[in-house]
Amino acid sequence: MDPTVLAIWVVRLLFLGLLYAFLWAVVRVLVRDLRAAAREPATELGRLVVLDSPSGEPPNGSAFRLDAVTTLGRDVNNAIVLEDDFVSATHAALTYRGRAWYLEDFASTNGTFVNGHQVTGLVAVAFGDELQVGQVRLRLERPRA
Amino acid sequence: MTPEPTSGVAVPRSPGVPIERLTIRPRFRGRELGLLLVVGLTITVGSISLGATQRLAAAGDHAPAITALFAPADLGLLATYLAALFAAHALLVLSGRRTDQVILPTVGLLGGIGLLLMERLPQSLAGNLGGLAHTQLVWLLIGIAILSALALAVRNDAWLRRYKYTWAAVGVGLLLFTFVFGRDVNGARLSLAIGPVTGQPSELLKVILVVFFAGYLSENRPLLVEESTKLGPLRLPPLPYLAPMVAMLAIALGIVVVERDLGAAMLFFLVFLLLLYVATTRVSYAVIGVAAFIAGGAVLYELFGVVRDRVDIWLNPFSDATGAGYQVIQALHAFARGGILGTGFGNGLPTIAGRPPIPALHTDFPLAALGEELGLVGILAILGLYLVLIERGLRIAASAQDEFRALLAAGLSLVIGVQAFIIAAGNLKLIPLTGITLPFISYGGSSLLANSVIAGLLLALSDRPPEARAPTPPRSRVSRLLRRSG
């Protein structure tokens, strides 16, 4: 093969190679950026959606952003106030520990239920679990990005 | 805990209004510089590849000296373009903003590939500033200037957000003006001539539409998500709250369809649907929209001869291989000739009587030319560059401070992505061909300027104000010391 033609082919392939070198460099930057973003603490840890609330306070379908410690009860000093006759003043608390949510019942009169099972003491709850506090049914959902 | 003296009740401070700092401190942009160096090297090698191929073909039997052979095709063009890119980088460094560092190099590489393609095509194809490549270079320089100006100057989005209806009115006005005073090119009335400058307002309208949609959706998102109109078992979107957007879309689509700018019509509609989905995350809206799209397409097929022609050519281009199906078939041949590695820059496209076989090669079919000369490998890399732009845009959207900025960033990057998809898929006969430009690569001032505005706005939106940055945790210094010692 003619060396000149061969040399031109080398240059052509070098151009194509450089296109991919650029893409590779960019993807490295993107991956590093995404990793850094994943390390940043999320502003929201979880959401609590009201499925059914006979008293209308909180209204059905409303959602609460959850802090690391969220107390539930009828008393106005709770993070989430549930206006329901079957809810105790200080009923239960959701806490975020490490990477999981935990529910604790504060010896309430009518109890707290996770997916139909009554809670005694501290139990782990997962996203998608259904909680019942008094007559109010709630669902724990993952945070919105 | 002792209270801070400045945050007492006696000194009222509005926490929402950040205090503008007037001192501008340059910020080193290492990633951007590194990527730009790769871009510069790539375009230079591409130019040498083109130059060598052209010189060898021109020399005929007498093989020229190897040093004379391997030189850039047009050193002046190359140097000017690269100098402009690095000047833009220097401006961004001096401005000291924390803007995205990937967009400028990516756009620069796409523009450079386009410039090489224009150098390679017959110079008499278009352009009145000394040929195709020189005209394209002028537009690229103006585009880079607009991009850096927007990235430097846009610090506030209120002028976009607050006057969204005004912007919408301006966009519709531009289109109407084009319809009345525009010129017909290839049966479509797209371009508007003001003195010596001709432009295609639909390119600018796509930016305006995204601004309007983002402004409207960010204001009315809760209504659109919570409410819904019920029609029997169907849950439709809340029609009253959608009405302004649908009306705007209908006006834009109507005018564009009457002007027979089908590519723009498709682009507007798809971007509208995508933004609606991004804002509401309702799959049902997307399904209804796609159904409406198919129904609308069927109606247009019956009503307009242009649409029928395009679809028929798409289904069977070989039924009229020398007439209507000609350019589609030539494009397919070009892709086939290119194969996997391509023929090399300057080596493809035997011209027929001094003109390339595809008439609108520099505007509508640049991907076919690149597919022939760079092959499948090259095309995949170019599509990868568009993916990078989309990823950056969506990333900027995800980390935006408010919904307007998020929707605007998502919409702007999706416009580029959808437009690249429409024309690339059209060139490859995946969907019916509609005349629209390949962003940053195609020849044409309006397209380059509109896309530069988009890239500049994305850069501006990616800026994070200093106070929004997370405070540096104290352990970082310790860990740095540990790393240094270990």
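The values are calculated or read from the model by the stated rules, or taken from the named source; none is laboratory data. Just so it is clear, the model here is predicted, and its values are computed rather than measured. Don't worry about glycine lacking a Cβ; one is built from the backbone with ideal geometry, like all the others, and counts go over all protein chains shown.
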When residues of the stretch A:81-106 are filtered for being part of a loop (DSSP other than H, G, I, E, B) and under 25 Å from the mean Cα position of the chain (by Cα), how many remain?
6
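What helices (runs of 4 or more DSSP H) completely inside the stretch B:38-151 contain at least 2 residues that are within 14 Å of another protein chain (Cβ to nearest Cβ) and in contact with a Phe, Trp or Tyr (Cβ under 6 Å, 6 or more places away or on another chain)?
Values: elements: B:66-69, B:75-95, B:103-120.
By residue number, B:103-120.
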If you check every pair at least six apart or on different chains, which have Cβ atoms under 7 Å apart with a residue in the stretch B:388-406 that is within 14 Å of A:Leu34 (Cα to Cα) and without any contact (Cβ under 8 Å) to a residue 12 or more places away in the chain first and a residue that is hydrophobic (A, V, I, L, M, F, W, C) and part of a loop (DSSP other than H, G, I, E, B) second?
B:Ala398/A:Ala145
Being more than 20 Å from A:Gly56 (Cα to Cα), touching a Leu at 6+ places or on another chain (Cβ under 9 Å) and either buried (at least 18 other Cβ atoms within 10 Å of the Cβ) or modelled with pLDDT under 90 (or both) narrows it down to one residue among A:Leu82, A:Leu138, A:Leu131, A:Leu103; which is it?
A:Leu103
Tell me, please, whether a residue that is out of contact with any strand residue (DSSP E or B) (no Cβ under 8 Å at 6 or more places or on another chain), part of a helix (DSSP H, G or I) and more than 12 Å from every other protein chain (Cβ to nearest Cβ) can be found in the stretch A:52-68.
no
How many residues does the stretch B:380-431 contain that are more than 14 Å from chain A (Cβ to nearest Cβ) and either under 16 Å from the mean Cα position of the chain (by Cα) or assigned to a helix (DSSP H, G or I) (or both)?
21
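Name the single residue, out of those in the stretch B:432-453 being assigned to a helix (DSSP H, G or I) and under 16 Å from B:Gly263 (Cα atoms), that is farthest from the chain's Cα centre (by Cα).
Residues of the stretch B:432-453 assigned to a helix (DSSP H, G or I): B:445-453.
Keeping just the survivors that are under 16 Å from B:Gly263 (Cα atoms) gives B:446-447, B:450-451.
Details: B:Ser446: 12, B:Ser447: 8, B:Ala450: 8, B:Asn451: 5 Å.
Result: B:Ser446.
Restricting to the stretch A:12-69, count the residues that are among the polar types (S, T, N, Q) and surrounded by 15 or more Cβ atoms within 10 Å (Cβ to Cβ). So that I can check it myself, show each step before the final result.
Just the residues of the stretch A:12-69 that are among the polar types (S, T, N, Q), to begin with: A:43, A:53, A:55, A:60, A:62.
Now restrict to residues that are surrounded by 15 or more Cβ atoms within 10 Å (Cβ to Cβ): A:53, A:55.
Here the count works out to 2.
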